[in-house]
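Everything on this sheet refers to the single structure shown next.
The values are calculated or read from the model by the stated rules, or taken from the named source; none is laboratory data. All figures in this text were calculated on a predicted structure; none of them were measured in a lab. For neighbour counting, all protein chains shown are included, and Cβ atoms are generated from backbone atoms with ideal geometry for every residue, glycine included. Surface accessibility is based on the protein's heavy atoms, side chains included, excluding ligands, DNA and RNA. Shrake-Rupley method; radii C 1.70, N 1.55, O 1.52, S 1.80 Å.
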Amino acid sequence: MIGQVNEPFGFRPLRQAISDYVKTTRGLNCTEDQILIVNGTQQAMNLTAHVLLQQGDEIWLDEPGYDGALGAFTANGAKIRPVVSDKYGMDIAYGIRHWPNAKMIFTAPSHQFPLGGTLSLSRRIALLDWAAENNVWIFEDDYNSEFRYAAQPIQALQGLDQRERVIYAGTFSKMMFPEFRLGFLVIPKSLIEPFKLAKYYADTRTSYLEQVTLAAFISDGHYARHVRRVRKACYERQSALIEAIQLYLPDSFQIEPSDSGIHIVCWLAEHLTESDIVAKCREIGLGVQPLSRYCQTDSIKQAILLGFAAHPPSELVEGIRKLAQIIP
Ligand SMILES: Cc1ncc(COP(=O)(O)O)c(C=O)c1O
């Protein structure tokens, strides 16, 4: 193992295991030399901004979008340019029309955060073509790709990209747990050296103890089994939550059907307000976030996000039943 532990890019057997895994499960096109182990997506975004963006460069971000991305890219001097999205994910034509000078695009094509749309194949191709023609980088946040319950996942942008414009980020925060600060970047070959320097000067390397453990967990087949178990449990939890909302709160919450993710978006009926519902949920111990937390403008309808991954079905049903008793 000595000799494998001093690389800023991370523990080579883990990089090999991840490379094999994402090639099979996400259709990525890479070798282990392109895998950089990071402390989660948050560090992935910071390093990417540091290497590829200059002060004042523009970056597209979904509206509503991921507050972690907003914070990381803004802190690195980038100007955020909001792009609307629908059930087919980020509206690429809107972005090109409104923000043609962007240098980077942040997108979560598997599961747009927070509304949950999946970027359609035609939008993926349009985005890749436009990025290549305009020398724009794409940061692909694939945080939720393993939480897909019915339809087959669409191949990651990185795997469709022939022109090395995509920086792909994966994380173990969701499948393992958020405090397990391990994630990875898949970097175009031309960017390996600048990313190596950025990682080295950020924190020299990610802690090796977790890397060695995770490498064994994946290589011995435990991770793939774990993913299957977690996916099944999350599907049951999502179904229980949706059924409970339809039973107890049919006139208060309208839910978008979704076959992926670990939260659902509940659009509120006209007579309800986000702040009131959030307060009521918290009163009875239901974990909830207001949609406005993720909005840069206030033109979007009121909604709340309910996470379901951390609770067994019976708790979710009971929580919704209690909430129905205190909602007007
Ligand atoms: C949109 C999105 N991307 C990525 C992540 C994962 O971030 P990290 O790997 O830093 O825990 C999250 C976590 O909440 C998220 O919501």
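Nonpolar atom fraction for the chain, defined as the carbon and sulfur part of the 1.4 Å probe accessible area, stands at 53 percent.
Label positions at residue 84 and residue 121, each projected 7 Å from the Cα along the C-beta direction, are separated by 2.7 nm. Spin-label model, residue 309 to residue 75: label points 7 Å out along the Cα-to-beta-carbon direction sit 2.1 nm apart.
Here the range 12-220 is treated with +1 on each Lys and Arg Cβ and -1 on each Asp and Glu Cβ, and its dipole about the Cα centre works out to around 180 debye.
Summary of the geometry: the range 254-293 and the range 62-100, compared by the centres of their Cα atoms, lie 22 Å apart. By the rule of a C-alpha distance below 16 Å, with chain neighbours fewer than 8 residues away ignored, the aspartates and glutamates paired with residue 232 are 146, 259. Computed from Cα atoms, the angle from the helix 12-26 axis to the main principal axis of the chain rounds to 50 degrees. Put 196, 79 in order of accessible area, highest first, and with a 1.4 Å probe you get 79, 196. Think of a 1.4 Å ball rolled over the protein heavy atoms: the chain then has 45 Å² of accessible area per residue.
For the chain, take the longest principal axis of its alpha carbons; what is the angle in degrees between that and the long axis of helix 313-326, to the nearest 10 within 0 to 90? In the chain, helix 313-326 runs at an angle near 50 degrees to the longest axis. Using a/c under 1.5 as the rounded threshold, could you call the range 101-141 rounded, prolate or oblate? The axes a ≥ b ≥ c are square roots of the C-alpha gyration tensor eigenvalues, and prolate needs a/b larger than b/c, oblate otherwise. It is oblate, given that a/c is not under 1.5 and a/b is not larger than b/c.
If you only keep lysine pairs separated by 8 or more in sequence, or across chains, how many in the range 12-220 come under 20 Å at the Cα atoms? Pairs that pass both the separation and distance tests number 5. The GluC sites (Glu not before Pro) of the range 239-328 that DSSP puts in a loop, and whose beta carbon has at most 12 other beta carbons within 10 Å, are 270.
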